[in-house]
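The values are calculated or read from the model by the stated rules, or taken from the named source; none is laboratory data. Only a predicted model underlies this, so the values are computations on that prediction, with no experimental measurement involved. So basically every Cβ, Gly included, is an ideal-geometry build from the backbone, and we count neighbours across all protein chains shown. The accessibility values were calculated without ligands, DNA or RNA, using every heavy atom of the protein model including side chains. Shrake-Rupley method; radii C 1.70, N 1.55, O 1.52, S 1.80 Å.
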Amino acid sequence: MLEPSIQLLNKARQGHYAVPAFNFHNLEIMQAIIKTAEKQQSPVILQITPTYLEKIGDVAATAMARAAAKEAKVPVALHLDHSNSLSWIKWALAHGFTSVMIDASTLPLNENIAYARQTVDWAHAHGAAVEAELGHIGGIEDGQETGTNPNMGLADPVEAVKLVTESGIDAFAPAVGTAHGLYKLPPNINFSLIDTLSSLVNVPLVLHGGSGIPDDMIRKAIEKGIAKVNIGTELKVTWAKAMTEALITEQEPWKTALKVHEEVGQVVAHKISLCGSNGKA
């Protein structure tokens, strides 16, 4: 069933677990996410970036995700991830996304707030929620890994309060030492910062760069107040490996899809367990 993102996040925050938010990059990955969430009785967030909307085809990708979410036997939200474009924000809201992320984190704070506030006005008029970012979450997007440098671009608590309060956003993604993509060195997460931010802002906190973070760190981040954990790269890597192996022996697309579903599903199930969202549907 398609449900509002903020409803899932608020329940997670109150219940001291996190909602796993999985980026989907094609049909097989999306199906594996939904199928596994149903088995685990877990709410999930399906999310996609503008880049993949362009690669897959915006209308097709959104249509299949919305249909899958509506037919799912567990709560599923549909989220636009990492958009720095207001045009994509408006497009997503018009096509039924239940939440959107405006990423203006590279801009000065006042401009970040202005973009977030504009997004909030549009999204709330559609009954959708807004996520915004503060600080620098590096990685494959710009060739930098915040996770290997604990002092690079972490969210400032004073600025965090200002952003959340003045923009009216519903979820907050602070830079706390993680990075997008797979880590070349162990991540150095600032747990005390998560703890501080959780006490200062009255909205769910989002952890970006969830792929490759050691299990104990994920659990500790959730204990400190994280209510949403983003996972993308691990699903892509698993899909590629499973598809490569399946194509050696199988030529029927549906048979290769079964192999992919099984392998990707194992990753999804593990992340659901880490988030503590199993049985929370």
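Summary table
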| item | result |
| --- | --- |
| Test for V59: is it surrounded by fewer than 24 Cβ atoms within 10 Å (Cβ to Cβ) and in a loop (DSSP other than H, G, I, E, B) | no |
| Filtered residue count, the range 220-231, keeping only those that are surrounded by 21 or more Cβ atoms within 10 Å (Cβ to Cβ) and touching a strand residue (DSSP E or B) at 6+ places or on another chain (Cβ under 7 Å) | 7 |
| Flag if P214 is under 18 Å from the mean Cα position of the chain (by Cα), more than 18 Å from A21 (Cβ to Cβ) and touching a residue at least 24 places away in the same chain (Cβ under 8 Å) | yes |
| Where N202 falls short, out of the listed (1) modelled with pLDDT of 95 or more; (2) crowded, with 18+ Cβ neighbours inside 10 Å | (2) |
| Matching residues, the range 209-231, being at pLDDT 95 or above, more than 17 Å from P43 (Cα to Cα) and outside any helix (DSSP H, G or I) | G225 |
| Flag for K241 being closer than 13 Å to A32 by Cα, among the basic types (K, R), part of a helix (DSSP H, G or I) and in contact (Cβ under 8 Å) with a residue 12 or more places away in the chain | no |
| Top-ranked residue in the range 138-149 [being open to solvent by less than 10 Å² (accessible area, probe 1.4 Å) and not in a strand (DSSP E or B); ranked as modelled with the highest pLDDT] | G138 |
| Residues of the range 250-268 classified as open to solvent by 90 Å² or more (accessible area, probe 1.4 Å) and in contact with a Ser or Thr (Cβ under 9 Å, 6 or more places away or on another chain), total | 1 |
| Number of positions in the range 175-186 that are open to solvent by 10 Å² or more (accessible area, probe 1.4 Å) and assigned to a loop (DSSP other than H, G, I, E, B) | 5 |
| Every residue from the range 232-249 that is of a type in the set (S, T, N, Q), open to solvent by 80 Å² or more (accessible area, probe 1.4 Å) and modelled with pLDDT of 90 or more | T244 |
| Residue match in the range 53-73 (condition: within 16 Å of the chain's Cα centre (by Cα), within 19 Å of W239 (Cα to Cα) and among the aliphatic types (A, V, I, L, M)) | yes |
| Scope the range 108-119; condition hydrophobic (A, V, I, L, M, F, W, C) and open to solvent by 10 Å² or more (accessible area, probe 1.4 Å); matching residues | L109, A114 |
| Positions within the range 250-263 being modelled with pLDDT of 95 or more and among the aliphatic types (A, V, I, L, M), in sequence order | none |
| Test result for K236, out of contact with any Leu (no Cβ under 9 Å at 6 or more places or on another chain), assigned to a helix (DSSP H, G or I), under 20 Å from M101 (Cβ atoms) and among the basic types (K, R) | yes |
| Enumeration of residues in the range 11-41 that are part of a loop (DSSP other than H, G, I, E, B) and either more than 15 Å from the chain's Cα centre (by Cα) or of a type in the set (F, W, Y) (or both) | H16, Y17, F24, N26, Q41 |
| The range 153-174 residues that are in contact (Cβ under 8 Å) with a residue 12 or more places away in the chain and part of a helix (DSSP H, G or I), paired with ones that are aliphatic (A, V, I, L, M) and open to solvent by 40 Å² or more (accessible area, probe 1.4 Å) (beta carbon under 6 Å, 6 or more apart) | P157/L200; V161/L200 |
| Members of the range 28-51 found to be open to solvent by 10 Å² or more (accessible area, probe 1.4 Å) and either within 27 Å of K11 (Cβ to Cβ) or touching a residue at least 40 places away in the same chain (Cβ under 8 Å) (or both), listed by number | E28, Q31, I34, K35, T36, E38, K39, Q40, Q41, T49 |
